[in-house]
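Peer 1: Take this structure, written in structure tokens, and hold onto it; I'll ask about it next.
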């Protein structure tokens, strides 16, 4: 279990970098709000994260059903964080930090118990 968590954290580090760069481009270069920027960053990063976690972290098959389960749940989480950050006028950096922390913990639990249930 410790090895699986460590792998998930490594993938999460790369995922976070991809998410943050995409968020910055959408937010600062294109002028979109935090909800849209966070969701766009999530969409790019989640695709990377899902396939790497399926293959390397959980040593599992990547199926459409699993992809949709993962993206649907985590996308809702991303939109929610962006929405609430926008409502309270939170600084975008804090939005990214908070979402990154929340998604790391909740994402691992959801992946382990739902998406890749019964796998490594």
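A short reminder: the numbers here are calculations on the coordinates, not readings from a lab. All values derive from a computational prediction rather than experimental measurement. Reconstructed Cβ throughout: ideal geometry from the backbone, glycine too, with neighbour counts over all protein chains shown.
Peer 1: Can you find even one residue in region 54-71 that is within 13 Å of the chain's Cα centre (by Cα), buried (at least 16 other Cβ atoms within 10 Å of the Cβ) and either touching a residue at least 60 places away in the same chain (Cβ under 8 Å) or not in a helix (DSSP H, G or I) (or both)?
Peer 2: Checked region 54-71: no residue is within 13 Å of the chain's Cα centre (by Cα), buried (at least 16 other Cβ atoms within 10 Å of the Cβ) and either touching a residue at least 60 places away in the same chain (Cβ under 8 Å) or not in a helix (DSSP H, G or I) (or both).
Yes/no per residue for (1) in contact with a helix residue (DSSP H, G or I) (Cβ under 8 Å, 6 or more places away or on another chain); (2) surrounded by 13 or more Cβ atoms within 10 Å (Cβ to Cβ); (3) closer than 26 Å to residue 4 by Cα:
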residue	(1), (2), (3)
38	yes, yes, no
52	yes, yes, yes
76	no, no, yes
84	no, yes, no
92	yes, yes, no
103	yes, yes, yes
111	yes, yes, yes
